[in-house]
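One structure is given below, encoded as structure tokens.
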Amino acid sequence: MTSSARPLRARIHLDAIRHNYRYAKQLAPYSKVLAVVKANAYGHGAVMVAQTLADIADGFAVACIDEAMELRDAGITQPIVLLEGVFNANELALVDRAELSVVVHCQEQLAWLLAARPLQKLNCWIKIDSGMHRVGFEPSDFNRVYAELRACPHVGELVAMSHFARADEPNLPYTTQQIAVFEKTLSGLAIPRSLANSAAILAYSNAHVEWTRPGLMLYGASPFAEAHPLATALCPAMTLESALIAIRNLPAGEPVGYGGRFVSEHPMRVGVVAIGYADGYPRHAPTGTPVAVNGQMTRLIGRVSMDMITVDLTEIIDAHVGAPVELWGTTVAANAVAAASETLAYQLFTGIGRRVAHCYEIPSTLCD
């Protein structure tokens, strides 16, 4: 836990993360679940999240070897998959020592792997480009890649994987097309598979296969822009909160904040909150973005500055200096703030600044 003299903090509800992981398993009961903890567990703290899930997780996924070693150094022994693979051949020695699983998505990585001399067999996840067109082998190349890895004496378990481009748009046919490409590519091969991200876990049961990879849903946010019935069971894992540090009474017609972009429409009470874009609150959040003060919904007014925002207190009679303010969490949905700011909950979570104190609520199941 970090500390700060400012009232701003991110409370991380570890019980919620355990709930969301179990929910992912419930939705795909025949699949193993790889908890995605890259980008510092989407801003929630990778070590704390991994330690919270260690007794129930089938494995973890990170973007790179630095993230993996942070978990190993913290005592995490479960399987860890490097989702981007290695960036040069020298990393494979550390992959070997740390017993990591490595994604192979291009010819260069394949060549490095085949030329390696590890002390033990390396487990590999072969990535197929089924339509994302970012990284991955062409479907027509898969049989060759699979055969080369299968014949390599220092290659261990193999998993075939792909990644969806539009699973968060369940009314479109593109994900179904990607599933069809993936299945056709692997036709006749008895190989474990991994397809489903958070959106596909919730919306595409035919994509669950042997491994799922929940990311955003672990942290309690829906991956969908529109309401989805299965997403309502997710529990928000982060409450970003601060406090009022000043209150002003303004007559009608007075500008508020930089540029005077907001002008009081009538006599108003205006509150100042200790948070700004230097802390990760979106600078482009417009007037009307939801905020809660003393548990009551209100709105952001005026421009977001580096260290402060201003909010409308006119209808919140009991607001006072020191009153709690929730920026997102259990009262204010992160997705609502993201939508108002024309961004995503992913960016809100991962953009939390280093000045924000993180306070972890330890699940009672881990305190015995």
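Among the residues of segment 324-343, are any crowded, with 21+ Cβ neighbours inside 10 Å, outside any helix (DSSP H, G or I) and out of contact with any Asp or Glu (no Cβ under 8 Å at 6 or more places or on another chain)? Yes, segment 324-343 contains a residue that is crowded, with 21+ Cβ neighbours inside 10 Å, outside any helix (DSSP H, G or I) and out of contact with any Asp or Glu (no Cβ under 8 Å at 6 or more places or on another chain). Filtering Leu244, Leu216 for residues that are under 30 Å from Ser194 (Cβ atoms) and within 31 Å of the chain's Cα centre (by Cα) leaves a single hit, Leu216.
All told, Val102 falls short of being within 21 Å of the chain's Cα centre (by Cα), assigned by TED's automatic domain parsing to the domain that holds Leu189, in contact (Cβ under 8 Å) with a residue 40 or more places away in the chain and part of a strand (DSSP E or B).
For segment 235-256, the criterion of being surrounded by fewer than 18 Cβ atoms within 10 Å (Cβ to Cβ), in a helix (DSSP H, G or I) and not hydroxyl-bearing (Ser, Thr, Tyr) is met by no residue.
Summed over segment 289-300, the residues that are under 14 Å from Thr314 (Cβ atoms) and either part of a loop (DSSP other than H, G, I, E, B) or hydrophobic (A, V, I, L, M, F, W, C) (or both) give a count of 5. Put simply, of Arg117, Arg97 the only residue that is outside any helix (DSSP H, G or I) and more than 27 Å from the chain's Cα centre (by Cα) is Arg117.
Residue-by-condition table, conditions (1) in the same structural domain as Gly351 (by TED's automatic domain parsing); (2) crowded, with 23+ Cβ neighbours inside 10 Å; (3) in contact with a Ser or Thr (Cβ under 6 Å, 6 or more places away or on another chain):
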| position | (1), (2), (3) |
| --- | --- |
| Arg6 | no, no, no |
| Arg11 | no, no, yes |
| Ala39 | no, no, yes |
| Ala54 | no, no, no |
| Val62 | no, yes, no |
| Arg72 | no, no, no |
| Phe87 | no, no, no |
| Ala93 | no, no, no |
| Ala115 | no, no, no |
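In a residue-by-residue description of segment 151-173, the property of being buried (at least 19 other Cβ atoms within 10 Å of the Cβ), touching a Pro at 6+ places or on another chain (Cβ under 6 Å), of a type in the set (Asp, Glu) and on the phi < 0 side of the Ramachandran plot applies to at least one position. I'd like the full set of residues that are surrounded by fewer than 20 Cβ atoms within 10 Å (Cβ to Cβ) and of a type in the set (S, T, N, Q), limited to segment 211-234. Listed by number, the list holds a single entry, Thr232.
If you check every pair at least six apart or on different chains, which have Cβ atoms under 8 Å apart with a residue in segment 17-37 that is farther than 10 Å from Pro214 by Cβ first and a residue that is crowded, with 22+ Cβ neighbours inside 10 Å and of a type in the set (Phe, Trp, Tyr) second? Within 8 Å, the pairs are Ile17/Tyr219; Ser31/Trp211; Lys32/Trp211; Val37/Phe60.
Which of (1) crowded, with 20+ Cβ neighbours inside 10 Å; (2) on the phi < 0 side of the Ramachandran plot is the odd one out, the single condition Gly302 does not satisfy? Here Gly302 clears every test but (2). The single condition from (1) surrounded by 17 or more Cβ atoms within 10 Å (Cβ to Cβ); (2) under 20 Å from the mean Cα position of the chain (by Cα) that Ile275 fails is (2). What about Asn197, is it farther than 16 Å from Glu138 by Cβ and surrounded by fewer than 22 Cβ atoms within 10 Å (Cβ to Cβ)? So Asn197 does not fit the description; no. The residues in segment 143-162 that are in a helix (DSSP H, G or I) and touching a residue at least 12 places away in the same chain (Cβ under 8 Å) can be counted, and the count is 4.
Results for (1) at negative phi; (2) among the charged types (D, E, K, R); (3) outside the structural domain of His163 (by TED's automatic domain parsing), shown as yes or no for each residue.
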position: Pro214; (1), (2), (3): yes, no, no
position: Ile245; (1), (2), (3): yes, no, yes
position: Ala252; (1), (2), (3): yes, no, yes
position: Gly257; (1), (2), (3): no, no, yes
position: Arg261; (1), (2), (3): yes, yes, yes
position: Arg269; (1), (2), (3): yes, yes, yes
position: Ala278; (1), (2), (3): yes, no, yes
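The set of residues from segment 242-272 being closer than 15 Å to Ala319 by Cα and among the acidic types (Asp, Glu) is empty. When restricted to residues that are in contact with a strand residue (DSSP E or B) (Cβ under 7 Å, 6 or more places away or on another chain) and either outside the structural domain of Ala278 (by TED's automatic domain parsing) or without any contact (Cβ under 8 Å) to a residue 60 or more places away in the chain (or both), segment 316-327 contains 1.
The values are calculated or read from the model by the stated rules, or taken from the named source; none is laboratory data. Note that the coordinates shown come from a computational prediction; the quantities given were computed from them, not determined experimentally. Cβ atoms come from the backbone with ideal geometry, glycine included; neighbour counts cover every protein chain shown.
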